[in-house]
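Have a look at the structure below, then the notes.
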Amino acid sequence: MVDRGRPGGVQGALGQADRAVRRLRAARPARREGQRRAHRRREHRRPRRRHHRAQGLRDLPRRRGGTGRQRPHRPAAGVHELRARLAHQAAQGADAPADHDRPALPGGVPREHRPQPRGVPRGVRRGARRRPLARPRGPRPHLVTAVTAPWWREGVVHEVYVRSFSDGTGDGVGDLPGLRARLPYLRDLGVDAIWVTPFYPSADHDAGYDVIDHRAVDPRLGTLDDLDAVVADAHALGLRVMVDLVLNHVSSEHPWFRAAAEAGPGSAERARFHVRPGRDGGALPPTGWPSIFGGSAWEPFGDGEWYLHLFDVHQPDLNHDHPDVRADAERTLRFWLDRGVDGVRFDAAGGLTKDPAYPELPDGWQPGHASPYSDLDGVHDHYRRFAKVLSEYDGDRVGVAEVWGEPHVIGPYVRPDELQQAFAIDPLFRPLDATLWRRLLAEQLDAVVRHGRLPAWAHGNHDVKRAATRWGEDGARAVLLLMLALPGCVYLYAGDELALPEVDLPDEAITDPTYRRSGGTDRGRDGARVPLPWTTGPAPYGFAPDGTPTWLPQPDGWGTHAVERQEADPDSMLALTRRAIRLRDELWRGAGDEVTWLESLPAGWLGFRRGAATCVTRFGAGPDPDLGGLGEVLLTGGASDGSATWWLRGDRPGTTTDEEAGWDRR
C-alpha cells in the first residue's frame with residue numbers, strides 16, 4: 001500500500017490536497033452564514049429594489065428576502081487548481097517529481113492543464129489575461145526583490161539590435177531564431193529584459209525602421225511563430241521582452257503611402273500624412289525644415305504637393321491627428337501586448353505632433369533647439385492614450401519614450417498619466433567631466449523624480465558611437481558602474497558589454513541613409529552595428545556559419561573581442577558587467593531615489609551615497625586615493641591610469657571632510 005503521507009509521491013500529494021479541500025469546505029458554512037447576516041443587514045437599511053452596479057454582476061441571479069433562485073454552486077476557491085495539479089501528477093506517474101520541484105507557472109497549474117484563449121498559439125497567453133512567468137531557480141541573485149516596485153523601475157535592459165545579434169538561418173543577417181538560440185547568454189548576463197529592435201517587413205532603407213507592416217514579421221528575420229517562441233523562451237528564462245514601435249513614420253512602400261502617391265492633391269489618402277503645397281507654384285518645399293538625416297525634410301509628389309519626412313525620404317511622417325492613424329497606432333500597440341510582450345519603446349516619440357501651421361524655423365535655430373515638429377504640448381495626448389492601453393494589461397507593462405533632449409524635455413513624458421520611462425540620452429554626448437556630469441545627473445533625477453519616476457539611463461544605443469570609442473574602454477567601464485549605482489533603470493547596447501569599438505567601414509559597405517544624404521560628410525551609424533563576435537574565429541566569428549558574408553563586414557581580428565574569449569578572462573568587460581549587475585541588486589536596488597552627493601572630493605571626482613553603499617568615480621587620469629574612510633571596496637571598473645569607478649559598502653554616513661576620507665587635494 002502506498003503511504004498517502006509520503007511528501008514526494010502522488011498519493012502524498014493526494015492526501016495533502018484532500019486535507020486542503022476539506023479545510024476549504026469546512027470553512028464554507030460559516031462564511032455563508034456570515035454572508036447571509038450581512039445580506040439581511042443591508043436589506044434592512046436599503047430599499048428592496050436594487051441594481052447590481054459592479055461590472056460582471058448584472059446577469060447574476062438575484063435573491064429577494066432570502067428566497068428565490070440561488071446562485072449556482074461554485075467549488076471552494078483553489079479546488080479547480082488542486083484538481084488540475086492532481087490530474088497532471090497522476091498523468092506523470094507515481095515517480096514523477098512534485099510540482100513544487102518544477103519552475104513556477106502562473107496560478108500554480110502546469111500550462112498543459114490551463115485553458116488557452118482562442119486564436120493564440122499554444123504556449124502563448126493572451127495579453128490582458130497573461131501573468132508574467134515566474135523566474136526559474138538559477139544563478140540570479142536579484143530574482144528575489146521587493147514586490148512593491150515594478151521590475152522596470154530599477155531593471156537592466158539589454159538592447160538587441162536584431163540584425164547584428166545572431167544569425168540563425170545562415171544568410172548573414174541576424175534574425176529571431178538566432179536571438180532565441182542566444183537567450184541563455186542574456187540570462188547569464190543578468191539583465192531583466194531585452195529590447196528587440198524592429199523585425200517588421202521593411203524595404204531596409206533605414207535598417208528596418210522604414211516599416212511596411214507594423215503587425216507582421218519580415219520573412220527574412222523569421223515568422224510570428226518565431227516571435228512567439230522568443231517571448232515564451234525568454235519568459236521561461238526569467239527575461240522580459242520589449243519591442244520597438246515605429247509610429248512616427250512608415251515606409252514609402254506602405255500601402256497607405258502608395259495610395260497617397262497615386263491619389264491627387266487634396267485627396268483623402270494624403271490626409272494621413274503631412275502634405276503641403278510647395279512654394280512658388282510647387283517648385284520649392286513648403287518650409288525650410290531640415291531632415292535629421294540631412295537635406296530638406298520635404299519631398300515632392302511631382303504634382304505641386306510635398307510630403308514631410310523628418311528622417312529619410314523613404315520614411316514619410318504620419319499625421320497622428322487623423323483618426324485612421326490614431327486607431328491604427330492603438331491597434332498595433334494592442335497587437336504586440338496581446339502576444340505577450342512586456343513593454344514597448346516608442347521610436348522618435350517627440351515627433352507624433354507637428355504644429356499645424358507649419359511655421360518657419362526662427363533665425364539662428366540649431367539642432368537641439370525647440371522646433372515646431374518635436375516635443376510639442378499636444379504630443380502628450382497620444383502618450384496618455386497609450387498609457388491607458390498599457391494599464392489594461394497585467395504584469396507591469398512598460399512604455400519608454402525615445403526622447404532626445406535635456407531633462408526639462410524628458411520630464412513631461414513620465415508624468416503620472418503618461419509613460420513609465422523616457423530615455424536619459426543627454427549624457428551620451430557629454431565628455432567625461434566631473435562637474436558637468438554631476439550637474440547632468442542631478443538635473444535628470446530632478447526632472448523625473450518629481451513625477452514619482454526614476455530615470456532610464458542609456459549607456460549606449462544603435463544611434464551613437466560605441467561606448468568604448470566614445471569614452472575609451474576605461475571610461476566605458478567607469479560610466480557603466482556609475483549608471484548602475486544611480487537610481488533608475490539602465491539600458492545597455494548589445495556589444496558594449498564586450499567593449500566593442502566603433503568600426504571604420506569602407507565607403508561601399510555603408511548602408512546608413514545619413515551617409516548618402518549628407519554627401520558622405522557624416523559616416524552614419526553603421527560602425528556601431530557590425531555583427532557581434534561570439535567565437536574567436538574563423539569569420540564570421542560564430543555570428544553565422546563559418547564563411548558566411550555578413551550584412552555589414554566584420555573587421556579582421558574581430559574575434560579578439562569575442563564572447564568566447566571574454567568568458568575565460570575574469571578581467572574582461574564581460575566579466576565586469578556580469579559581476580556589476582549581480583552586485584547591484586545587493587547594493588543599490590531598492591535603495592530609494594535619494595542621492596547624497598559627496599562634497600569633499602578632489603577636482604575631477606564625483607561621488608554619492610545611497611543607503612549603506614557609496615559610489616566614487618574618477619574622470620580621467622589621477623592617483624588612486626585611500627578609500628578606506630568610505631567603506632570596504634567591493635568592485636572597481638576602469639583603469640589605474642584613467643577613468644574608474646569604485647563601489648564601496650560601509651556603515652558610516654557620508655564623508656564630509658578631506659581628512660576623514662584620506663584625500664590629498666594638493
- Based on what the data block shows, is residue 508 in a loop (DSSP other than H, G, I, E, B), of a type in the set (D, E, K, R) and surrounded by fewer than 20 Cβ atoms within 10 Å (Cβ to Cβ)? no
- Say whether the condition of being among the small types (Gly, Ala, Ser) and free of Cβ contacts under 8 Å to residues at least 60 places away in the same chain is met by at least one residue in region 343-354. yes
- Which number in (1) closer than 17 Å to residue 272 by Cβ; (2) among the hydroxyl-bearing types (Ser, Thr, Tyr); (3) in contact with a His (Cβ under 7 Å, 6 or more places away or on another chain); (4) touching a residue at least 60 places away in the same chain (Cβ under 8 Å) marks the one condition that residue 358 misses? (3)
- Task: Quick one: which residue in 334, 326 is assigned by TED's automatic domain parsing to the domain that holds residue 152, farther than 24 Å from residue 227 by Cβ and in contact with a helix residue (DSSP H, G or I) (Cβ under 8 Å, 6 or more places away or on another chain)?
- Result: 326
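Out of 462, 382, 451, 408, which single residue is at negative phi, assigned by TED's automatic domain parsing to the domain that holds residue 523 and touching a His at 6+ places or on another chain (Cβ under 8 Å)?
Numbers: 462 fails: touching a His at 6+ places or on another chain (Cβ under 8 Å); 451 fails: touching a His at 6+ places or on another chain (Cβ under 8 Å); 408 fails: touching a His at 6+ places or on another chain (Cβ under 8 Å).
Just one listed residue meets the conditions, 382.
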- Query: Among the residues of region 167-187, is any within 17 Å of residue 493 (Cβ to Cβ), in a strand (DSSP E or B) and at pLDDT 95 or above?
  - Reply: no
- Of residues in region 338-369 being out of contact with any strand residue (DSSP E or B) (no Cβ under 8 Å at 6 or more places or on another chain) and over 23 Å from residue 412 (Cα atoms), the one surrounded by the most Cβ atoms within 10 Å (Cβ to Cβ): 339
- Query: Among the residues of region 389-399, is any among the hydroxyl-bearing types (Ser, Thr, Tyr), surrounded by fewer than 20 Cβ atoms within 10 Å (Cβ to Cβ) and over 17 Å from the mean Cα position of the chain (by Cα)?
  - Reply: no
- Query: For residues in region 542-582 being over 25 Å from the mean Cα position of the chain (by Cα) and charged (D, E, K, R), which is farthest from residue 531 (Cα to Cα)?
  - Reply: 571
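Mind checking whether some residue in region 249-262 is part of a loop (DSSP other than H, G, I, E, B) and touching a Gly at 6+ places or on another chain (Cβ under 9 Å)? Reasoning before the result, please.
If we filter region 249-262 for residues that are part of a loop (DSSP other than H, G, I, E, B), which is where we start, we get 250-254.
Next, from what is left, pick out any that are touching a Gly at 6+ places or on another chain (Cβ under 9 Å): none.
Within region 249-262, none of the residues are part of a loop (DSSP other than H, G, I, E, B) and touching a Gly at 6+ places or on another chain (Cβ under 9 Å).
The values are calculated or read from the model by the stated rules, or taken from the named source; none is laboratory data. Note that this is a predicted model, so its numbers are computed, not measured. All Cβ positions, glycine included, derive from the backbone under ideal geometry; neighbour counts span all protein chains shown.
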